Structure formats: structure tokens, C-alpha cells
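Working notes for the structure below.
The values are calculated or read from the model by the stated rules, or taken from the named source; none is laboratory data. Source: prediction; values computed, not measured. Every residue, glycine as well, gets a Cβ built from its backbone with ideal geometry; the counts of neighbours run over all protein chains shown. Surface accessibility is based on the protein's heavy atoms, side chains included, excluding ligands, DNA and RNA. Shrake-Rupley method; radii C 1.70, N 1.55, O 1.52, S 1.80 Å.
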Amino acid sequence: MTDDVAVLRELEKKVLWLASWTIHNANHLRENDDGLKVGGHQASSASLATIMTALYFAVLRPQDRVAVKPHASPIFHAIQYLLGKQTRERLEAFRGYKGAQSYPSRTKDADDVDFSTGSVGLGVAQTLFSSLTQDYVRAHGWGLDRPEGRMVALVGDAELDEGNIFEAMLEGWKQGLRNCWWIVDYNRQSLDAVVREGLWERYEQLFKNFGWDVVILKYGSLQQAAFEEPGGEKLRRWIDNCPNPLYSALVFAGGAAWRKRLTDEIGDQGDVSQLIDKRSDDELAALMNNLGGHDLPSLLEAFRNADNDRPTCFISYTVKGFGLPMAGHKDNHAGLMTPAQMETFRRTMRVRPGHEWDPFEGLSMPPERLDTFLDRVPFAAAGARRLEAPAIEVPAELRPAFQAVTSTQTGFGALLNDVGRADTDFARRIVTTSPDVTVSTNLGGFVNRRGLFARQAMADTFKSERIPSTFNWEFSPTGQHIELGIAEMNLFILLSALGLSHSINGERLLPVGTLYDPFIARGLDALNYACYQDARFIVVATPSGITLAGEGGAHQSIAEPLIGMAQDGLASFEPAYVDELAVILAWAFAYIQKSGGEISERNWLRDETGGSVYLRLSTRPIEQMAREMTPDLRQQIVDGAYWQRKPGPNCQVIVAYTGAIAPEAIAAVGLIAEDRRDVGLLAVTSADRLNAGWTAAQRARERGLVHARSHIERLLADVPPHCGIVTVLDGHPATLAWLGAIAGNRVRPLGVEHFGQTGSLADLYRHYGIDANAIVAAAQAIAPGRPIRHLKALP
Ligand SMILES: Cc1ncc(C[n+]2csc(CCOP(=O)(O)OP(=O)(O)O)c2C)c(N)n1
Ligand SMILES: [Mg+2]
């Protein structure tokens with residue numbers, strides 16, 4: 001143990017040096033580039049150098065997974081460099097093109113990042129939901145040949161301002177969270193300033209209330225020893241009473257300032273003056289800076305003592321910028337060392353010019369000893385930590401029996417219910433989740449069949465009391481539905497965790513989450529986060545739009561189709577008919593399992609690389625089409641559009657629609673057709689994929705691949721240039737407005753731009769101009785000719 005500490009001290013120095021040099025180097029390279037300095041990293045990284053040294057080189061095991069506070073990425077990269085998992089080239093290109101990432105990234109970094117971080121708070125919650133996911137996987141009997149891992153978050157103290165962390169804690173408490181450590185870097189500084197006094201006490205209470213163990217790492221071993229000296233107790237009391245800003249300021253000011261302050265305030269109290277006087281300025285500064293979070297022996301002891309599976313919060317006192325000249329200064333967040341300071345630091349670290357990247361340069365231990373130690377670091381011992389899981393076979397078709405008049409939401413429930421009926425591997429790997437809208441989004445059928453998940457079984461009291469109920473609400477370790485509280489952030493972070501199970505647990509899950517469409521916005525940053533780290537899931541958002549007529553503006557979504565188009569890593573669909581939904585859902589279950597295949601040029605959609613899927617559904621029952629699902633139609637539905645009525649050669653106008661507004665589009669086309677020739681009706685199942693294919697094909701052509709064609713270009717190839725296009729959906733009109741840019745056709749985009757309101761469907765469609773009448777009027781305006789007779793006849 002003492003031996004280890006000696007080596008760890010050397011490594012800590014090296015980690016701090018390498019991280020600082022990485023930052024300095026990157027800044028130096030780009031100083032005149034875009035005027036953007038490498039702010040934020042230096043002080044914030046140094047704050048965690050000791051804790052991360054203790055964790056990565058001594059405490060963590062290969063099965064443990066870590067979310068590193070965003071600004072500590074240089075420390076993380078430095079540690080991986082010493083472990084041989086990061087290259088010098090990438091460190092030299094830190095924050096540059098293809099270099100080590102500014103914030104740890106699962107997808108962009110090459111050095112084994114477990115969880116991406118960047119938008120503070122999300123990585124923290126991800127560890128909690130990853131613990132739950134691990135429990136889910138193991139409770140289902142999978143992955144039992146591997147040891148249980150611990151999910152660890154390195155949390156900035158100001159990061160704890162983010163509400164999503166507390167939402168997650170509450171959920172963790174409900175779900176019986178285990179194997180989760182949150183280590184709070186309690187440097188009492190945020191980005192702008194010094195944080196409020198006494199926050200640790202609130203945190204302590206809060207964590208304990210939610211069933212966590214709390215370990216407070218306040219005093220380092222030097223301080224603990226000093227407290228044993230005569231007068232030590234007075235020093236301890238002074239430290240406890242010292243306000244955060246003053247402590248920070250004195251850390252910054254250094255030994256002489258400490259001496260003056262301590263002498264002024266407690267120096268006349270007998271023994272304590274001797275305690276102060278017998279130390280040099282440097283020794284005094286070292287003592288006062290020796291907080292728990294910078295003291296390897298205390299950290300190792302605390303981590304090793306927490307050898308149970310209880311969720312544990314470590315509040316570790318640290319100094320922001322520890323070991324650097326800006327230590328403790330309230331303005332240090334964006335602080336960078338000047339070249340002169342860096343020179344001094346280099347000399348202190350005994351690093352010769354030209355040897356800055358040498359792993360053991362300037363250390364006092366023989367390299368062989370350090371090498372031997374690094375070779376035996378438990379965390380790195382098992383080789384690759386990223387796991388893989390084979391794809392689960394998905395039925396080529398999902399075929400529900402559905403009513404002649406029904407909605408996509410009902411169809412979704414019926415499809416999943418049907419999947420849940422069979423005892424297949426496919427059905428077993430599906431895990432559904434919903435933030436308190438399980439029944440109202442039609443997941444109830446599936447949940448009735450497959451049960452709710454909890455590590456400990458819980459009976460459905462209504463059932464045991466023989467009170468009739470439509471829904472079976474029984475929890476068991478083999479249940480396949482995770483019921484969440486209302487927080488949508490939690491939904492998306494859970495989907496993020498479930499959707500990485502193949503990589504983290506080596507066991508594939510097929511996660512399906514449901515929520516109301518407008519509340520996508522509530523969890524949007526978490527959805528973006530999940531996509532950024534390439535988690536795989538299906539999110540079903542229903543109901544949507546003003547079609548949810550009676551609910552009014554608070555529940556009606558407008559912008560979500562645009563979110564679906566713009567969100568990277570998420571293929572979005574809005575089918576009108578249940579047979580389309582069946583095709584899309586079967587495709588989606590396969591798509592979320594794909595990775596890295598050769599990109600085909602068929603539709604320029606990069607389907608082979610896979611991603612997550614968003615389905616925007618509706619509660620509006622509409623008349624279904626009796627039609628055969630041919631392979632060609634199936635492909636077109638997945639590619640994003642098909643001709644529901646193919647336009648003729650003299651076509652003057654076409655109507656392109658998306659989703660539940662189909663009956664209005666069909667009615668309008670029937671009316672327009674009486675006075676305009678060859679009218680076409682384009683059913684758009686995915687504006688997102690149509691647009692993506694088009695953009696990609698254009699880019700390919702610009703690169704010289706002259707034959708590149710996207711699906712929408714092929715569909716519109718025979719539409720004459722003078723033909724007008726009326727587009728319509730229950731969502732923002734910009735979603736389809738771009739269709740005119742493909743071949744230069746004029747477009748009149750209809751949709752919803754302003755908050756919805758309560759009313760009947762007819763009232764609202766008329767008010768917002770997406771009813772048949774509005775479509776006919778738009779066609780009249782865009783495709784001049786003799787008046788369309790029925791226009792006047794419509795209400
Ligand atoms: C959601 C979000 N909001 C704002 C930021 C910008 N930001 C980055 S770090 C930070 C505060 C850092 O304070 P703390 O968590 O205490 O970390 P420290 O720098 O003290 O280590 C802020 C506001 C962000 N990254 N994410
Ligand atoms: Mg802080």
C-alpha cells in the first residue's frame with residue numbers, strides 16, 4: 001500500500017503535467033487561429049488529477065464504467081496515454097481535427113471513453129441508469145459470467161445544479177439503485193465564481209434521503225496529522241469556519257498569505273502558533289492545500305472501504321487548479337498558464353525541452369518500476385473493455401390484425417402486443433419504458449403480457465384483491481417494462497443506457513420508449529446526448545400535433561417533425577397507416593442493431609451504419625387502405641415516400657402529405673382532380689430520410705459521382721417543372737417545404753405555425769389551414785387554371 005502510494009504520487013505528477021502540457025500545446029497551436037482559447041480545461045482538470053489517479057491506476061476494475069466531468073478530459077486522455085491507450089498524435093491534436101476530444105466522447109475519441117460528457121448533468125445520470133440497466137440484464141439471466149461493474153461519475157460541484165441529476169436520484173431510489181458511485185469534485189468553484197457556503201450539508205442530507213451512503217473527504221492525511229499536534233484542533237476549527245471564497249483566495253495567494261492570515265486569526269492561541277511557525281511557507285501551503293480530494297492515502301482508503309454495492313456519494317474537497325499557479329483563483333475557469341508560468345512549471349516538473357511527451361520524464365522512480373506498475377493496473381488488465389453482442393433476429397414482417405378504421409397509436413399497441421404474444425428471443429430482448437404514460441401511449445397490451453420489471457417482485461394489489469382491472473401491474477425480475485416517473489429527461493437517459501447495453505454489458509436489448517410528442521422537447525438535450533453516444537433505441541411519440549384537438553396548445557406539438565429531421569443519429573418517421581407502421585417498426589428493430597457496415601449507394605441513407613428511430617404517431621382513427629404490401633412498397637415506405645396516386649405526364653399539381661392528415665389530402669386530391677389534370681398524391685412517411693438522401697446524393701454528385709440519385713429525386717423525376725406542389729402535415733410547414741428545391745417546382749407548404757387550441761378536429765384543421773379546403777385553395781393558387789369548382793362548395 002505505501003509502495004503503491006509512492007508510485008501513484010509519481011503518476012499523479014505525470015498526469016497533471018501531461019494534461020497541462022496537452023492544453024498548453026493546443027492553445028499555443030491555435031492561438032491565432034480562431035481567437036478561441038482553450039478555456040475551461042486547465043484549472044478544472046487539475047482539480048480532479050489526484051482523484052482520477054487514484055481511481056484509474058488503483059481502484060477501478062475493468063468492468064467499472066466512468067463518466068468523467070467534461071473539463072477533466074485532458075486528465076482522462078493523459079491517463080489513457082500512460083496506459084498505452086492514447087496516442088501522442090491525438091494528444092498533440094487536442095481540440096483539433098481528429099484529435100483527442102475537448103470533452104470525453106464515446107464515438108469520437110479513440111481511448112475507451114465509457115460515457116460521453118459535455119452537457120453537464122447528463123453523464124452523471126447516465127451512470128445511474130447504466131446501473132439499473134446492468135441490474136435489468138442480470139435479472140434476466142444474461143451476462144452472469146461477467147463480474148458486476150460499478151458505474152462511477154466524476155461530478156463537478158456546480159454540475160449538481162442541474163435538475164436532471166435530482167430527477168435521476170429520485171428514480172434511482174424508486175428502482176433500488178446499486179453499484180453507483182458519484183464522486184463530487186467539491187472545489188467550491190463553478191465557471192463564474194465561488195459556490196455558496198455549506199452546500200455540502202444540503203448534498204449530504206439529500207443523498208442520505210435518497211438512500212445513498214455519503215463519504216465526506218475533507219481533510220488530507222497531512223491535515224489529519226496536524227490536527228493531532230498541540231493546537232491542531234484549533235486549526236481544524238479555523239478550517240471548518242473559513243468561508244469558501246477566503247479559502248480559495250488564500251490557496252491562490254500561497255504560503256506567506258496563509259501564515260499572515262492564520263497568525264492574525266488564531267496565532268495568539270498558544271500551541272497553534274507553534275504549529276504554524278515550525279512550517280516553512282511552502283510546507284504551510286502544502287498543509288492547507290492538503291484537502292481530502294488531493295490526498296492519495298485518504299482517497300484510496302475511502303474508495304477501498306466502500307466495498308459494498310450501495311450507491312455512494314463521495315464529497316471530496318479539492319482545489320480548482322491544484323498544483324498550478326492559478327489554483328483557487330475565482331477567475332481561473334478559463335485560465336491558462338502563460339508561457340512563463342509554463343516554463344516554471346516545466347522546471348518544477350524536471351521536464352527537459354523536447355521531452356514533454358516522454359511518459360516518465362522528470363520522475364524520480366526508475367522507469368522499470370513505473371512500467372511494471374502500469375502493466376499491472378487492474379483497470380487495464382483485461383484488454384478491450386468495449387463489448388459486443390450479436391444482433392437479435394427480427395421477423396421480416398410484423399403483421400397485426402387491425403380494424404378498418406384505426407389510428408397509428410392503436411396500431412402500435414396492437415403490433416407490440418402481437419410481438420409480446422410469442423416466446424421468441426426477439427420478444428424477450430425488447431424492453432419497454434415510459435414516463436407514466438404507458439397506458440395512454442398504448443403500451444398496456446405488451447406490459448400485460450410481459451410484466452413490469454423490478455429486482456424484487458411486487459404483486460398487483462388490485463389483482464390479488466380480485467378487483468377487475470384492464471391492466472396487470474405486477475412487478476418481477478423477469479418483467480420487461482421499466483415504469484418511470486414523469487421526468488422525460490430520465491426516459492431519454494434510460495434509453496441511452498439501455499441502448500448501450502450491447503457495448504457495456506455485452507448483452508443486446510431492444511429498447512422502446514414512449515411519451516407524448518410535445519414532451520420530446522422536455523427531454524431533448526438528453527435525447528441528443530443519447531444519440532451523440534450512439535445509443536440505440538426506438539422512441540414512439542404519441543399523440544402528436546393539433547390532431548390531439550381537445551387537449552389544446554399545451555399538449556399539441558408543432559416543432560417535433562423538424563427536431564426529427566435535424567437530430568443526428570435518429571431516423572424519424574410519421575406514418576399515416578398501420579400497415580406502413582408495421583413495415584417501419586420491423587425495419588427499426590433491425591436498424592437499431594446495425595453498425596459500421598459498408599455504405600451502399602442505393603438510397604444514400606447510410607442505413608448500414610444504423611442508428612435510433614423516432615416514430616411520431618397519432619390517436620386519430622383513419623380509414624385504412626386494403627392493399628398488398630409488396631416488397632417495392634415496403635422499401636419505399638422505409639426510404640421515406642411513395643406515390644399514393646401517381647401523377648400523369650401533364651400533371652399541374654401534386655399534393656405531398658405526412659401523417660394523420662391523410663384523409664384531408666386524399667379528399668382534396670379528389671376535388672382538385674376534377675379541374676386539374678393528372679394530379680398526384682405523394683405519401684411522405686419520413687421527411688427526415690427523404691431529405692437526408694437528397695442531401696447526400698447531391699454531395700456525391702458534387703464529388704463526381706454523376707449517377708448518384710436519391711429516392712425523392714427518382715420519385716419526382718417525371719414531374720414536369722411547371723407542376724406545383726402543395727405540402728401538408730400536422731406540424732411545422734418547413735418540414736416538407738424543401739420538396740420544391742429538388743427540381744425547382746413551386747411549393748405552397750401548409751402546416752401549423754402557431755400554438756394550437758382546443759376545438760373539434762374540423763374546427764382546428766380549418767383554423768390552421770390544413771383541411772381539404774385549404775389544400776384545394778393552395779392548389780388553386782399555385783397551379784393557375786380554371787377555378788377549382790369545389791373550392792366554393794367546401795365549408
Ligand atoms: C448544460 C450545460 N450548461 C452549461 C455548460 C457550461 N459549463 C461548463 S463547466 C460549467 C461549470 C463548471 O463548474 P463545476 O461543475 O463545479 O466544475 P469545475 O470547473 O469547478 O471543475 C459550466 C457552466 C455546460 N457544459 N453544460
Ligand atoms: Mg466546481
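Of the chymotrypsin sites (Phe, Trp or Tyr not before Pro) found in the range 72-132, those that fall in a DSSP loop while having at most 12 other beta-carbon atoms within 10 Å are Tyr97. The longest stretch of the chain left intact once loop-based trypsin sites (Lys or Arg not before Pro) with at most 11 other Cβ atoms within 10 Å are removed from consideration, loops following DSSP, is 467-626. Under the combined filter of DSSP loop state and at most 16 neighbouring Cβ atoms within 10 Å, the range 166-257 retains these GluC sites (Glu not before Pro): Glu197. Taken along its principal axes, the alpha carbon cloud of the chain reaches lengths of 103, 70, 47 Å, longest axis first. Projected label points at His767 and Asp281, each 7 Å from Cα along the beta carbon direction, are separated by 7.4 nanometres. Anything over 32 Å Cα to Cα? Flag those among Lys234/Lys320; Lys108/Lys218; Lys174/Lys320; Lys85/Lys320; Lys320/Lys594; Lys463/Lys594, in the order listed. Beyond 32 Å between Cα atoms: Lys108/Lys218; Lys174/Lys320; Lys320/Lys594; Lys463/Lys594. Rolling a 1.4 Å probe over the heavy atoms of the protein chains gives the range 551-633 an accessible area of 38 Å² per residue. Restricting the range 333-418 to GluC sites (Glu not before Pro) that sit in a DSSP loop and have at most 15 other Cβ atoms within 10 Å of their own Cβ leaves Glu388, Glu393, Glu397.
Across the range 342-353, coupling constants 3J(HN,Hα) worked out from phi with the 6.51/-1.76/1.60 Karplus curve, θ = phi - 60°, read 5, 4, 4, 4, 4, 5, 4, 7, 6, 9, 7, x Hz, and Gly and Pro carry x. With all pairs of separate Cα atoms included, the range 193-261 yields a Kirkwood hydrodynamic radius of 14.0 Å. Rolling a 1.4 Å probe across the protein heavy atoms gives the range 38-117 an accessible surface of 24 Å² per residue.
Relative to the longest principal Cα axis of the chain, at what angle does helix 244-253 sit, 0 to 90 degrees, rounded to 10? Once rounded, the angle reads 60 degrees. As a rough guide to protection, the peptides 719-729, 467-477 ranked by mean Cβ packing within 10 Å, highest first, stand as 719-729, 467-477.
Accessible area per residue for the range 177-225, computed on protein heavy atoms with a 1.4 Å probe, is 45 Å². Phi angles across the range 720-726 convert, under the Karplus curve 6.51 cos²θ - 1.76 cosθ + 1.60 with θ = phi - 60°, into 3J(HN,Hα) values of x, x, 7, 5, x, 10, 9 Hz, Gly and Pro given as x.
Helix 2-30 axis versus longest C-alpha principal axis of the chain: approximately 60°, rounded to the nearest ten.
Among the protein heavy atoms of the range 75-116, carbon and sulfur supply 45% of the accessible surface, probe 1.4 Å, non-protein parts ignored. Taking Lys and Arg as +1 and Asp and Glu as -1, the other residues whose beta-carbon sits under 15 Å from that of Met629 total -3.
Taking amide hydrogens as placed 1.01 Å from N in the peptide plane, the amide H of Val431 sits under 5 Å from those of Leu510, Val512, each at least 5 positions away in sequence or on another chain.
Estimated from helices alone, the mean residue ellipticity of the chain at 222 nm is -12500 deg cm²/dmol (sum of -39500 (n - 2.57) over DSSP H runs with n ≥ 4, per residue).
As a calculated quantity, the FRET efficiency between Lys174 and Glu393 at R0 = 30 Å, using C-beta atoms, amounts to about 0.30.
Backbone amide hydrogens, once placed in the peptide plane, bring Met151 within less than 5 Å of Arg65, Cys180, Trp181, excluding anything fewer than 5 places away on its chain. Between the beta carbons of Asp718 and Lys98, assuming R0 = 35 Å, the FRET efficiency works out to 0.20 to the nearest 0.05.
What the Cβ-Cβ distance of Glu465 and Gln403 gives, at R0 = 30 Å and to the nearest 0.05, is a FRET efficiency of 0.35. Looking at the chain, the DSSP beta bridges with both ends there are about 15 percent antiparallel. Expressed in units of 2.2 N^0.38 Å, where N is the residue count, the Cα radius of gyration of the range 584-656 is 1.39. Could you state the angle between the C-alpha long axis of helix 199-209 and the longest principal axis of the C-alpha atoms of the chain, as a value from 0 to 90 degrees rounded to the nearest 10? Compared with the principal axis, the helix lies near 60 degrees.
Residues whose amide H comes within less than 5 Å of that of Leu291, counting only those at least five positions distant or on another chain, are Gly220 (H built at 1.01 Å from N in the peptide plane). Kirkwood analysis of the range 741-793, using all unique Cα-Cα pairs, places the hydrodynamic radius at 12.6 Å. In order along the range 739-752, the Karplus-derived 3J(HN,Hα) couplings, from 6.51 cos²θ - 1.76 cosθ + 1.60 at θ = phi - 60°, round to 4, x, 6, 5, 10, x, 7, 6, 10, 10, x, 10, x, 10 Hz, and Gly and Pro are given as x.
State the percentage of accessible surface on the range 374-492 attributable to carbon and sulfur atoms; use a 1.4 Å probe and exclude ligands, DNA and RNA. Reported share for carbon and sulfur atoms: 52 percent.
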